[in-house]
1. So which lysines pass the test for K33, namely a Cα distance under 16 Å, with those fewer than 8 places away in the same chain ruled out?
2. Report in % the part of the accessible area of the chain that belongs to carbon and sulfur, leaving out ligands and nucleic acids; probe 1.4 Å.
3. Can you spot the aspartates and glutamates whose alpha carbon is less than 13 Å from K56's alpha carbon? Ignore those fewer than 8 places along the same chain.
4. Which residue, A164, A59, A262, tops the fluctuation ranking in a GNM of the chain built on C-alpha contacts under 10 Å?
5. For R153, R401, what's the largest-to-smallest order of accessible area, 1.4 Å probe?
6. What is the set of long-range amide H partners of E315 at a cut-off below 5 Å, with H atoms built 1.01 Å from backbone N?
7. Each label point is 7 Å from the Cα along the Cα-to-Cβ direction; what then is the distance between the points at N389 and D121, in nm?
8. Using θ = phi - 60° and the Karplus curve 6.51 cos²θ - 1.76 cosθ + 1.60, what whole-Hz ³J(HN,Hα) does each residue of region 32-43 get, with Gly and Pro shown as x?
Amino acid sequence: MKAELEASLDRQNEDAQSQSTIRDIALAPAGQKKIDWARRFMPVLGAVRDDFISRKPFAGKRLTLCLHLEAKTAWLALVCQEGGAQVTVAASNPLSTQDDVVAALVANGVRAHAWYGVSDDEYERHLHLALDTRPDLIIDDGGDLVSLLHTTRRELLPGVLGGAEETTTGVLRLKAMDREGSLVFPMIAVNDARSKFLFDNRYGTGQSVWDALLRTTNLMVAGKKVCVVGYGWCGKGVALRARGLGAQVVVCEVDAVKANEALMDGHEVMPMLRAAAEADFFITVTGNKNVIGGEHFAVMRDGAVLANAGHFDVEIDKRALGERAVTRSVVRPNVEQFVLPNGHRINLLAEGRLVNLAAGDGHPIEVMDMSFALQALAVDYVCGHKLDNRLYAVPEEIDDRVARMRLESLNCPIDTLSEAQKAYLESWQ
C-alpha cells in the first residue's frame, strides 16, 4: 500500500512538472527550505491542514490560486492539496514571484505558471494557462481570475462553484459586480473579515512596507517626513510604523471621517499638493489611480522616495513621471531614479508595484497564518454549501474560529460570558 501511494505521488509530481510553466525546477530545494521555515510559524493553518487531511473536503475538485507566490502562499496551496484538491497556481504580481518557491510547489505536485519579472503578455498567458485546468474553485488576489472568467473565459463559468478574494482592491471590484448583479458565481470577501483586515492590513502592511523600504534604500527614517496617501487599515499600519521609526507623518485623504481619524491619531493632514513639497517618503495605499501625478512631481524635494503599497501599479502616475524626466536610470536594485529639469532626483521603488512583495518578502508569517487560514476555510465553506451568485461576508463562525485557533496556538486563554451576561446583552429592557 505504501509503495502504491509513493508511486501515485511520483506520477502526480511528474504530471505537475510536465504541465507547468516555471523558471527552473532545479531551484526546488532552496524553495522547500523557505516553505518549511514559514510552515513552522503558521500553527493556525497547520490546524486547518489536520482537519483537511481527515475530511478531504476538496476531493475530486480543481482549485486555482492567483496569489503572490512566496513561501507562505505555497504552504496554503499545499494545505489545500492535502484537502484533496488538484491545485494550480499563478502569480498575482509580476515582481512578487519567488522562482525557487514555485519550483518547490511543482516538485510537490502543484501545477504552476509563473516566474519573476514576467512581461504583461506572459502574465496574462500564465493566468489563462491556470484557468485551462477548468477550476471548480478559485482563490483570487486583486480580482484578475474573476475578471477573466467573466470576460474572455466565460466558457468555464458553468463549472465554477465559487471562491474567495484576498485583498481590499479585489473586494472593491467584487462589490461593484455584486451591485450590478453581474457575478456568475459566489465569492467570499476574505479581506473584510475581522481576523484579516485588523491584522493583515494593519500590522502586516505596516511592518512589511517598512521592511521593504529600509532594505531597498538603506536610508534613515527618523527625523524625516513620511506622506501616507490613504488612511484605510493599510494606511493606518504604515503610518503607525513610520511614527515608531521616528518619522513625522503626514496623511492625505479624501474621506473626511478618515482624515479626522488621522488627526486624532496624532498625524498631520493636508492636501497632496502641499504634502508633495514637504515629504521625504511617499507611500500610496488607496486602491485608486494617479493619486500622485505630474503636478506633484514638479514640486517634490530632491531625493524624494516613492513607493506603492496598493495592489495595482496605478497609484503613482509612472507615465507622467517618465515624461517629465530628463534622464532615468536604475541606481540600486528595485530603485529607479528620475532626474527632473530642475535637477531634483525622484526615486521610484519596485516600478511602482506592491513594494512589500516586489522588494521584500511580504507580510510577516504569523499574520498571514490567520489570513490564509481564512482563505482555506472560506473555499471549504463555498465547496460545502449551495450559495447564490453574489458576494458574501466571511461567516462569523469562521472568523471567530480562526481568532480562537491563534489564541490556542499561543496558549492564551480568554474569558467567556456567563449565561446571565449573555441574557443581559441580548435584552432590550
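The values are calculated or read from the model by the stated rules, or taken from the named source; none is laboratory data. Computed from a predicted structure; not experimentally measured. For neighbour counting, all protein chains shown are included, and Cβ atoms are generated from backbone atoms with ideal geometry for every residue, glycine included. The accessibility values were calculated without ligands, DNA or RNA, using every heavy atom of the protein model including side chains. Shrake-Rupley method; radii C 1.70, N 1.55, O 1.52, S 1.80 Å.
1. Counting by Cα, and skipping residues close in sequence, K33 has these lysines nearby: K72.
2. Details: 9860 of 19260 Å².
Taking all protein chains in place, the chain shows 51 percent carbon and sulfur surface.
3. K56 reaches E82, D380.
4. A59
5. In descending accessible area the options line up as R401, R153.
6. N290
7. Going by the 7 Å Cα→Cβ label model, 3.4 nm.
8. 5, 5, 5, 5, 4, 4, 4, 4, 5, 10, 10, x
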